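These notes concern the structure reproduced below.
The values are calculated or read from the model by the stated rules, or taken from the named source; none is laboratory data. Note that the structure is a prediction, hence the values are computed from the model and not measured. Positions of Cβ are generated from backbone atoms using ideal geometry, with glycine treated the same way; all protein chains shown enter the neighbour counts. To get the accessible areas, we keep the full protein, side chains included, count just its heavy atoms, and leave off ligands, DNA and RNA. Shrake-Rupley method; radii C 1.70, N 1.55, O 1.52, S 1.80 Å.
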Amino acid sequence: MAEQIRRAASVIAGRDGDGGLELLVLERSAASRFLPGYVAFPGGAVDDDDAALAAAWWGDPEEAGRACALRELAEEAGLVLGDDGDERPLAVDRLVEIAHWIAPEQVPVRFDARYYAVAMPTGVEPVPDGGETAAAWWESPSTILDGWRAKERKLYWPTYFTMLHLATCRSIDELLALRIETREPDDEELERLPRDVFWQD
């Protein structure tokens, strides 16, 4: 039986680069229990501390998902986002929800995950934590997909599907305006795409 579904949040951090939109992505550690070696966005499970953070930052514990996204960005990539020189937490409306993924029952690790997009300043470079995160870097969504097609990168279905939509964005403004209607793969995709898009072996 699949384990109980957990709330989760991810942050899709973007910036305008010389060649267009660039995204912050991570490579998950080979020691990770869930999706080792896969390319992902910073994120993780929402916990009780996130509700407390949201209450302290914005006066609303219901914004725990956004607090989780910022916490994971700091923990996994060493990046702290704030307003007014980082002295105040980032305003809620600058973390824009662009996707909502709910894993189906047959998935062994189930998450109800919300993806938040945020604009990042130029010149900011991530520092992977060396634990959960083996590497962190900026890259265009099209280049990430090219690496996946060349079998140099592994993408799990929600990341792969999201990346296809992100590749249509040419700028940070287009990223923040994007809204993704998520769905599970159809039979043709299950047949055509590599097994590791759907299953962690």
Which numbered condition trips up Asp50, out of (1) outside any loop (DSSP other than H, G, I, E, B); (2) without any contact (Cβ under 8 Å) to a residue 12 or more places away in the chain; (3) more than 25 Å from Ala167 (Cα to Cα)?
(2)
Counting only residues that are closer than 26 Å to Arg183 by Cβ and open to solvent by less than 30 Å² (accessible area, probe 1.4 Å), which one in region 55-91 is farthest from the chain's Cα centre (by Cα)?
Ala64
Residue identified as outside any helix (DSSP H, G or I) and within 24 Å of Glu125 (Cβ to Cβ) among Leu73, Leu79
Leu79
Starting from residues that are touching a residue at least 40 places away in the same chain (Cβ under 8 Å) and part of a loop (DSSP other than H, G, I, E, B), keep the ones in region 167-193 and report whichever is surrounded by the most Cβ atoms within 10 Å (Cβ to Cβ).
Cys169
Matching option when the condition is at pLDDT below 95 and over 12 Å from Pro42 (Cα atoms), among Glu152, Glu105, Glu139, Glu97:
Glu105
Which numbered condition Leu164 fails, given (1) buried (at least 16 other Cβ atoms within 10 Å of the Cβ); (2) under 21 Å from Leu95 (Cα atoms):
(1)
From Arg28, Arg7, residue being open to solvent by 40 Å² or more (accessible area, probe 1.4 Å), within 19 Å of Glu132 (Cβ to Cβ) and in contact with an Asp or Glu (Cβ under 6 Å, 6 or more places away or on another chain)
Arg7
Matching residues, region 31-47, being among the hydrophobic types (A, V, I, L, M, F, W, C), buried (at least 18 other Cβ atoms within 10 Å of the Cβ) and not in a strand (DSSP E or B):
Phe41, Val46
Of all residues making up region 92-147, the number that are open to solvent by 40 Å² or more (accessible area, probe 1.4 Å), touching a residue at least 12 places away in the same chain (Cβ under 8 Å), outside any loop (DSSP other than H, G, I, E, B) and farther than 24 Å from Glu62 by Cα
4
